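The values are calculated or read from the model by the stated rules, or taken from the named source; none is laboratory data. In this text, all values refer to a predicted model and were calculated from it rather than measured experimentally. When we count neighbours, we look across all protein chains shown, and the Cβ atoms used for this are built from the backbone with ideal geometry, even at glycine.
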Amino acid sequence: MQLYTPIEIDTIQQDIQYLVEVKEWVQNFLAKPHPDLGRRGAVCPFVPHSLKSNSIRIAVIRAKNLQPQQIEDIVKDYRDKFLEMEPRDREAAINKAFLLIFPDISLEDAATLIDGVQQKLKPFFVDEGLMIGEFHKRTETRGLHNQNFYPLRSPVPLLAIRFMVESDLPFLVNADNLHLRIRYLEAYLRHFEKQMKDETKLKTAYQALILAREALAKENFADLAYEKLGA
């Protein structure tokens, strides 16, 4: 039996439209094939299984007047909740996902706040074997199989949390910052190298890590040489 206070009911009334809107977007877009996707299957291949297992949790976060750091702290708390919530075992919980809706973030601010928080927190999520994705109407993230398709465009600004999977390698190896690319690849290998099902992805990850380390070493050497010449 669930009991509600009048204030809780007011909150539910304010949030229900966003919860329903996002639920329907998940069911009718993410969980379905799309002609512009560039491959077979659902836009997000894990969503149909997540829906079937009832493993998606959705929260509405009121961010009006909150500073980016406050939003980051809230999202970090949800990361911890995600890791603590049963099931915890990666194999059993592979379809578990959190969708954090931010209806108070305007379309004009979404690129700064949603994308900014995602970029700032991604290293801390990847370290834990998690992925965090940014979704809003103006996201410029393109599809892997069709550069003219934007799979992360959603009706309401939101951040998604889920476990990392082997097929996430392209989202980690393309980091422009060499330090981050190395950090991501090291985390990827730490979580998958002993149980990797796709040998090709394992070799690709190792090769990408070697190349990133070599590029960083050259970059550091060049910086050092420049400093000596300047001195």
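Restricting to the stretch 80-101, name every residue that is within 26 Å of ALA175 (Cα to Cα) and either surrounded by fewer than 18 Cβ atoms within 10 Å (Cβ to Cβ) or among the hydrophobic types (A, V, I, L, M, F, W, C) (or both).
Matches in the stretch 80-101: ASP80, PHE82, LEU83, ARG90, ILE94, ALA97, PHE98, LEU99, LEU100, ILE101.
Where helices (runs of 4 or more DSSP H) fall entirely within the stretch 134-231, those with at least 1 residues that are under 30 Å from VAL60 (Cα atoms) and either at pLDDT below 90 or not assigned by TED's automatic domain parsing to the domain that holds GLU91 (or both) are at 169-173, 178-192.
The requirement of being buried (at least 16 other Cβ atoms within 10 Å of the Cβ) and at pLDDT below 95 is fulfilled nowhere in the stretch 9-16; no residue meets it.
Results for (1) in contact with an Asp or Glu (Cβ under 7 Å, 6 or more places away or on another chain); (2) closer than 20 Å to ALA93 by Cα, shown as yes or no for each residue.
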site	(1), (2)
GLN13	no, no
SER50	no, yes
LYS64	yes, no
ILE71	no, no
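Scanning the stretch 45-54 for residues that are crowded, with 18+ Cβ neighbours inside 10 Å and part of a loop (DSSP other than H, G, I, E, B) turns up just one, PHE46.
Scan the stretch 90-113 for residues that are under 13 Å from the mean Cα position of the chain (by Cα) and closer than 13 Å to ILE74 by Cβ and the total you get is 2.
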